[in-house]
1. Can you give me the number of residues within segment 63-85 that are in contact (Cβ under 8 Å) with a residue 12 or more places away in the chain and either part of a helix (DSSP H, G or I) or of a type in the set (Ser, Thr, Tyr) (or both)?
2. List pairs: first residue in segment 17-46 and closer than 16 Å to Arg77 by Cβ and of a type in the set (D, E, K, R), second residue part of a loop (DSSP other than H, G, I, E, B) and at pLDDT below 90 anywhere in the structure, Cβ distance under 6 angstrom, at least six positions apart or on different chains.
3. Within segment 1-57, considering only helices (runs of 4 or more DSSP H) that don't extend past its boundaries, which have at least 2 residues that are modelled with pLDDT under 90?
Amino acid sequence: MTTTSKAVLDADAININLQLNDVARAIEIGGHLQQILERRFNKNVRVFRHWARHHVDRDLLTIARYLFLYRHSDAIREQGIIRLSEAYKLLGIDGSQVPIGDSGIDAD
């Protein structure tokens, strides 16, 4: 199983692609975001969204994806998935949206 989406031989590009496609890292970030939502903002999604929009270097859609990945990490691990694109496919996430009902935040 390849860990990058492009057939490249450039060592620097391979390293960057591995980091970009690291589903375990995305799940870890999602877990951290979930803890912040629960502990710091007492599950107040509106306040969490405001904080994330102004302080996190990702858009709300990406944050919602990370939360969704975290919440479905058991299924991802059971399948042995290591690439984000494969995890998104398994969970039914396309390039422009995430199943919002399960993400915990509305991404706009």
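The values are calculated or read from the model by the stated rules, or taken from the named source; none is laboratory data. As the structure is a computational prediction, the values presented were derived from the model and not from experiment. In this analysis, Cβ positions are derived from the backbone assuming ideal geometry, glycine residues included, and neighbour counts consider all displayed protein chains.
1. Adding up the residues that qualify gives 14.
2. Note: no pairs meet the criteria.
3. 11-20
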